[in-house]
Amino acid sequence: MSSDHAGASGKRVLVLGGTSEIALAIVEALQRITPRDVALAGRDTAALGVCAEQLSSVGCDRVITTQLDALETGQHAAILADVAEQLGGIDIVILAVGALGERGGLPTDVPGAVNVLQTNLTGAGSLLMESARLLRERGAGKIVVLSSVAAERPRRANAVYGASKAGLDALAQGLGDELRDDGVGMLVVRPGFVHTRMTRGLDPAPLSTTPEAVADVVVAGLDSGADTVWAPSTLRWLMIIIKLLPRPIFRKMKQ
């Protein structure tokens, strides 16, 4: 293992939201550094199997799959404990659970919007806390949380999604500060528009990116010990400006 990649050195990787294209790209980027043992957790067992084959084909030493529903929070602790036992421990957790939902401000499908809130915040938050507890007990490890630039200042065009990501982002930042002295690192990733299945058919925003480009940013962030990264990195400076916009001006941003 090169010292250039010490932050990304954990061999045993757990992906929560195991069919996420961004998460899979991150695992493949990690795999190019050194072989990994991977657990993919998600709802769709058939899709998880396809993703497992994809990771095996790029050289991962071992890939297992397990069924997990973000909304069934009462089962999270037991499922994560079982995965940890199967892998012989967990070094890196990639939290990629998420739903985009309906675009716009006030949703026409309120139950669907509530499901987005429950998935992105309550479900993902439960998985984040259970993962943090496991790594704290071990006294080492890294957690990568896929947030969004939408978390920094939710717009009228993505009110529900932005609110859900803002809540998860805040939880991850707070837990990251809490866990630092316990040897557990927290990396919050704030991508902009990423070309994936979830965004297919939507008009790409400025500075749009790809799962592979996000993955490179994540690996660099792990190596540097960063707390937060943006993908692409120029979004960090753009968001500083956007956060400073007076509300009457910001309100006019409909996209």
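Rule-based calculations on the coordinates, nothing more; no lab input. Since the model is a prediction, treat every value here as computed from it, not as a measurement. Please note: Cβ atoms are built from the backbone with ideal geometry, for glycine as well, and neighbour counts cover all protein chains shown.
Tabulated results
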quantity	calculated
Per-pair calculated FRET efficiency, R0 = 51 Å: residue 245 and residue 71 via Cβ, rounded to 0.05	0.90
Mean Cα-pair separation over length for the chain, i.e. relative contact order, pairs under 8 Å, 6 or more apart, %	19 percent
Sorted by Cβ density within 10 Å, fewest first, the residues 164, 131	131, 164
Relative exposure of 233, 20, 126, judged by other C-beta atoms within 10 Å (fewest first)	233, 126, 20
Ellipticity estimate at 222 nm from DSSP helix runs (n ≥ 4, -39,500 (n - 2.57)) divided over the chain, nearest 500	-13000 deg cm²/dmol
